[in-house]
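Single-structure report; data block below.
Laboratory data are not the source of any read-out in this text; all were calculated from the coordinates shown. What you see is a predicted model; the values in this text were computed from it and never measured. Every residue, glycine among them, receives a Cβ derived from its backbone with ideal geometry; neighbour counts consider all protein chains shown.
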Amino acid sequence: RLSPDGRGPRGPGRAMDALCSACAEGDVEAVGRLAESGHAQRQPGSGYVPLHYAAMARSCGAESTLELLRARADIAAVTDEQKQAVHIAAEHERGAEALSVLLAARADPDARTLAGRTPLHFAAIEGALEAARLLLAARAGVNAANTCGALPLHWAAKTGRRPLCDLLVAAKSDLQAVDNLGRTPAEMAADNGRREAEQVLRALEAGARA
């Protein structure tokens with residue numbers, strides 16, 4: 001298959017290579033043709049599969065995702081880090097349409113990676129606002145903690161994603177939650193020099209205590 005950076009084949013066969021390339025390039029016609037030939041199925045131990053490439057595609061990701069799911073691609077196929085397509089789509093604003101297709105097909109909005117991150121963690125880290133909205137609408141756990149004890153709000157604060165902070169707080173994220181180092185989201189923002197996010201979160205904390 002192709003590596004995630006698209007640099008070339010390294011794996012189980014030319015048909016899979018071609019399908020991964022078609023997904024990455026947004027060639028929906030080729031995706032449909034190759035998927036119909038039975039190459040959309042998960043191959044154990046193969047890491048990134050066509051559905052993952054469709055989730056990160058720069059164009060036509062939703063259309064390619066639909067074609068793969070119609071061909072019975074494994075919606076829960078995982079990479080070596082236990083990332084599913086739903087995590088990968090949530091990392092990018094351009095992945096919002098593919099994410100919508102995956103959620104409609106009952107992808108798990110609370111799926112966990114090896115590090116305990118949910119798709120909402122990835123959306124928060126990358127500032128993917130529409131992806132976060134879709135996940136919250138699908139009832140993703142706003143207070144799900146990863147293995148370091150961090151909520152999506154911690155990550156939005158750490159990276160200074162003010163719109164994500166606002167969205168997560170409105171969805172009842174716990175402003176007082178602490179990670180494994182005892183830091184609240186506001187303290188995480190402060191530790192990483194995210195002044196605006198820190199001020200907003202501290203004001204909200206004060207309002208919640210009042």
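Summing charges over neighbours of residue 194, with a neighbour being any other residue whose Cβ is under 13 Å away from its Cβ, gives +2 when K and R count +1 and D and E count -1.
Between residue 196 and residue 115, the FRET efficiency from the beta-carbon distance, with R0 = 22 Å, is close to 0.25. A straight line joining the Cα centroids of region 141-170 and region 67-127 runs 17 Å.
Candidates 199, 143, 188 compared by Cα position along the dipole of region 143-209: farthest toward the positive end lies 199, with charges placed on Cβ.
When each of the peptides 136-148, 53-65 is scored by how many other beta carbons lie within 10 Å of its residues on average, the order from highest to lowest is 53-65, 136-148.
What the Cβ-Cβ distance of residue 70 and residue 137 gives, at R0 = 35 Å and to the nearest 0.05, is a FRET efficiency of 0.90.
For the chain, the relative contact order works out to 12 percent when only alpha carbon pairs closer than 8 Å and six or more residues apart are counted.
When peptides 182-193, 78-89 are sorted by average Cβ neighbour count within 10 Å, with the highest value leading, the order is 78-89, 182-193. Less than 18 Å from a label point 7 Å out along the Cα-to-Cβ axis of residue 94: which backbone N atoms in region 53-80 qualify, by residue? Within reach of a label on residue 94, which here means backbone N under 18 Å from a point 7 Å along Cα→Cβ, region 53-80 contributes 53-66. Under a Cβ-Cβ cut-off of 11 Å, what is the net charge of the residues other than residue 55 that fall near it, where Lys and Arg count +1 and Asp and Glu count -1? Summing Lys/Arg as +1 and Asp/Glu as -1 gives 0.
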